[in-house]
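This report refers to the structure that appears directly beneath it.
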Amino acid sequence: MNTRQAKGQAAEQMAADYLQRQGLKLIERNFRVKGGEIDLVCRDGKTTVFVEVRLRSRGDFGGAAASITPTKQARLILAARHWLARHGESPCRFDCVLFDGAETQHIEWLRNAFSAD
């Protein structure tokens with residue numbers, strides 16, 4: 001595992017811990033299908049929450065939020081549809097947990113960051 005992967009895994013763990021402290025239940029990590037991946041799948045009541053975790057050490061290209069492009073969103077939606085097909089349909093939403101800059105202690109949680117519509 002390289003340094004970038006290790007930092008990414010650490011950010012995903014911090015995000016999972018944070019979301020669980022906020023009352024979400026972690027269901028699955030790193031769900032992968034051809035063409036897409038979901039970092040965290042959580043449950044918030046009866047709602048399935050698909051979470052993208054983004055860590056950007058520099059803001060040269062707009063930071064963590066700007067890195068979730070329409071192409072990235074389409075890949076997340078594709079993976080979410082596969083997850084729901086395997087586990088049963090339910091209300092769902094797409095959240096993002098963002099870490100910008102070297103300070104990873106600051107967590108920004110964007111609920112309903114985008115939709116599948």
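Provide the net charge surrounding L78, with neighbours chosen by a C-beta distance below 10 Å and charges set as Lys +1, Arg +1, Asp -1, Glu -1.
Around L78, the surrounding residues sum to +2.
What list do you get for H82, H106, H87 if you sort them by fewest beta carbons within 10 Å?
H106, H87, H82
Tell me the angle of helix 70-87 to the major Cα principal axis of the chain, expressed in degrees between 0 and 90 and rounded to the nearest ten.
Tilt relative to the chain: about 40 degrees.
Using helices alone, what [θ] at 222 nm do you get for the chain, with -39,500 (n - 2.57) per DSSP H run of 4 or more residues, divided over all residues and rounded to the nearest 500?
Counting only the DSSP helices, I get -11000 deg cm²/dmol.
Counting only other residues whose beta carbon sits under 14 Å from that of E37, what net charge do I get with K and R as +1, D and E as -1?
Taking every Cβ under 14 Å from that of E37, the sum is +3.
Using the Karplus curve 6.51 cos²θ - 1.76 cosθ + 1.60 with θ = phi - 60°, what ³J(HN,Hα) values do you get for each residue of the stretch 2-8, in whole Hz, with x for Gly and Pro?
Once rounded to whole Hz, the list reads 8, 4, 4, 5, 5, 5, x.
No lab work stands behind these numbers, since they all come straight from the coordinates. Keep in mind it's a predicted model, so treat the numbers as computed, not measured. Neighbour counts are summed over all protein chains in view; Cβ atoms, including those assigned to glycine, are modelled from backbone coordinates with ideal geometry.
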